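Here the structure is laid out as structure tokens; the discussion comes afterwards.
The values are calculated or read from the model by the stated rules, or taken from the named source; none is laboratory data. Remember, it's a predicted structure, so these values are computed and weren't measured experimentally. FYI the Cβ positions are ideal-geometry reconstructions off the backbone, even for glycines, and counts take in every protein chain you see. Keep in mind that these areas ignore ligands, DNA and RNA; they rest on the heavy atoms of the full protein, side chains included. Shrake-Rupley method; radii C 1.70, N 1.55, O 1.52, S 1.80 Å.
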Amino acid sequence: MLRLTQIIRNLFLRIEGLFGVLFQSISNFFGNLFGFFAKLFGFSQSGYFLESDRVQGVNQVSTKQPIETNRDNTTKISAPNRRRTNAKLDDYYLNMARDVKKN
């Protein structure tokens, strides 16, 4: 009975793989087809649906206000020197690497 279930599982995996390959190639075909027409009609540009601001007669109104910057008055604390890692752990791994290299 185990042999039969293994055969059925393998059959379903192969069928799934076949459909995956077939649908991927069909998907790539339609993607290339639509991509060609998009480039042909100019839809690949990012602003294809909008005309320029000059043509539309749109004027940008912006009020220029000075931006206030707050200076940080706190003193910067320098970070202490890096702490040394655990030397015992380093020695353990170094010794293990030497043992592996010897064998």
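Things worth noting here:
- Taking 0.36 nm per residue of sequence separation and removing the Cα-Cα distance, the GLU16/PHE37 pair yields an extension gain of 4.4 nm.
- Ranking by accessible area, most exposed first, for ILE26, ILE67 with a 1.4 Å probe: ILE67, ILE26
- Pair LEU2, TYR92: separation of 7 Å Cα→Cβ label points (nm): 4.0 nm
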